[in-house]
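The values are calculated or read from the model by the stated rules, or taken from the named source; none is laboratory data. Model, not experiment: these values are computed from the prediction. Note: ideal-geometry Cβ built from the backbone for every residue, glycine included; neighbour counts use all protein chains shown.
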Amino acid sequence: MEMYQISYEKPKVTLLQESGLGVAEIAARTCYDSFENSENDCVKHAMEELDTDAINNIDKSELLSNLAWVHHHHSIIEHATLSFLIQGTSRGVLQEHARHRLQAISVRSTRYTMSSVINAFVASLEAKNGFDFFLKTVLDLKLFVVDDEAYLAIEIKAMYDKLMFQYDRDKNFLNNAVAKSSLPFLETHKSDAEALYNALQCGKKKRNVGDGFKHIVSDNWKVDMVVTFNIRSLKNYFDLRDSGAAWFQIQWLAEEMKKVTPVKYLKLIDKKQKDA
């Protein structure tokens, strides 16, 4: 019997920045005082005439390749870095990503970006069928990596129930959920959920609104992030995550990151590319 498969969206990855190989070769040749042996003229004469633009645009380095694949001296390639914009991965992947220590990572914050969901719930209190309004509104926000409306109905119902549980027990719920300047909308648009939602969306957002409501978020919540890896750490990431043994969501992400990683870096960290 076949197992039912939930459908997921794959992430989108864009290469934002690459530092080039030049700094890494300069670092290596500083160690060995071997600038005269470089096949790159800008490196060969770096100590007499430093052309940083040319250094940062070299396409290959025999020394770096030799250090990486013959001597397995990978600390030198820590001087080369890549930055990726990742759109539409999950908080579950974020948790996995955080295990890779040597990276800089900046992630879409639930503290500051949950207003639309909280506004949808507050507005749903004025709807004849609150959950139906909340479900439709949250589905339209495209907040999850899961691409299966039947499953998302379960996910969003859990969010709704947790918010309702909190609403029933917290007399300050609305003050915690809505900016002070937007509170009058609750009276202006009483019994009109759609108008109230639109007014709240156009009004001032409650600062740090996510602080009180982060508990509703699951691992399927979609996040965007920017990550910067040095090439040595990126090698470790690809070795572990671009593998059939990796969790499928982070494997998808590693595959997309590898696709946008320039070949000149992959030749130093991916044996398949080195031998190609």
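Of all residues in segment 127-159, exactly one satisfies the criterion of being in contact (Cβ under 8 Å) with a residue 40 or more places away in the chain, surrounded by fewer than 13 Cβ atoms within 10 Å (Cβ to Cβ) and either of a type in the set (S, T, N, Q) or assigned to a helix (DSSP H, G or I) (or both), namely ALA158.
Restricting the first member to segment 180-193 and to residues that are among the aromatic types (Phe, Trp, Tyr), and the second to residues that are assigned to a helix (DSSP H, G or I), the beta-carbon pairs closer than 9 Å and six or more apart or on different chains are PHE185/ALA195; PHE185/LEU196; PHE185/ALA199; PHE185/LEU200.
Scanning segment 78-106 for residues that are of a type in the set (A, V, I, L, M, F, W, C) and touching a helix residue (DSSP H, G or I) at 6+ places or on another chain (Cβ under 8 Å), we see that the one that is surrounded by the most Cβ atoms within 10 Å (Cβ to Cβ) is ALA80.
One residue stands out in segment 216-273 among those that are free of Cβ contacts under 8 Å to residues at least 12 places away in the same chain and not in a helix (DSSP H, G or I): the one that is nearest to ALA158 (Cα to Cα), namely ALA246.
Please work out if ASP41 is among the acidic types (Asp, Glu) and without any contact (Cβ under 8 Å) to a residue 60 or more places away in the chain. Yes. Within segment 161-209, the set of residues being of a type in the set (Lys, Arg) and in contact with a helix residue (DSSP H, G or I) (Cβ under 9 Å, 6 or more places away or on another chain) comprises LYS162, LYS190, LYS204, LYS205, LYS206. Give the residue that is surrounded by the fewest Cβ atoms within 10 Å (Cβ to Cβ), with candidates limited to residues of segment 65-77 that are within 20 Å of ASN40 (Cα to Cα) and of a type outside the set (Val, Ile, Thr). Checked segment 65-77; the qualifying residue surrounded by the fewest Cβ atoms within 10 Å (Cβ to Cβ) is ASN66. Quick check on segment 197-210. Is at least one of its residues over 22 Å from LYS136 (Cβ atoms), within 22 Å of the chain's Cα centre (by Cα) and assigned to a strand (DSSP E or B)? No, there is no match, as no residue in segment 197-210 is over 22 Å from LYS136 (Cβ atoms), within 22 Å of the chain's Cα centre (by Cα) and assigned to a strand (DSSP E or B).
Taking the conditions exactly as written (within 29 Å of the chain's Cα centre (by Cα), touching a residue at least 12 places away in the same chain (Cβ under 8 Å) and not assigned by TED's automatic domain parsing to the domain that holds PHE248), does TYR4 satisfy them or not? When the stated conditions are applied, TYR4 does not pass them. Here are PHE134, PHE84, PHE144: which of them is within 27 Å of SER191 (Cβ to Cβ) and aromatic (Phe, Trp, Tyr)? Just one listed residue meets the conditions, PHE134.
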